[in-house]
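First the structure, in the form of structure tokens, and then the observations on it.
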Amino acid sequence: MKRHIIILQGHPDPKGDRFCHALANAYAKGAKEAGHEVETIPVGKLDFPVLRTKEDFETGAVPPSIQQSQEAIRKGIGISKGLFD
């Protein structure tokens, strides 16, 4: 059965020459070769402000790059609402 796989590549260095990047790339390659749809979210390349206060977390607007990542995760696990609301 074909699956939609989301890889959250969380290394903070966006250059891509780290071991974590190599692991994520190898996993993506293997999953694609097995016929799955793969989407990688490179956290180190996302443009979002750092939360500094509890109020930022509770009432701040969700940055567009985070909204896009949330949508990809929803799609990957097959839900439409609720996970991030």
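Here, each number is a calculation from the coordinates, and none is a lab measurement. This is a predicted model, so every value here is computed, not measured. Neighbour counts run over all protein chains shown; Cβ positions are idealised from the backbone, glycine included.
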Query raised in the report: out of contact with any Leu (no Cβ under 8 Å at 6 or more places or on another chain), part of a loop (DSSP other than H, G, I, E, B) and exposed (fewer than 15 other Cβ atoms within 10 Å of the Cβ) - does that describe any residue in segment 53-60?
Result: yes
Query raised in the report: How about segment 16-38: which of its residues are surrounded by fewer than 15 Cβ atoms within 10 Å (Cβ to Cβ) and either assigned to a strand (DSSP E or B) or touching a residue at least 24 places away in the same chain (Cβ under 8 Å) (or both)?
Result: Gly35, His36, Glu37
**Report entry** Of residues in segment 39-52 being surrounded by 12 or more Cβ atoms within 10 Å (Cβ to Cβ) and free of Cβ contacts under 8 Å to residues at least 24 places away in the same chain, the one nearest to the chain's Cα centre (by Cα)
**Finding:** Leu46
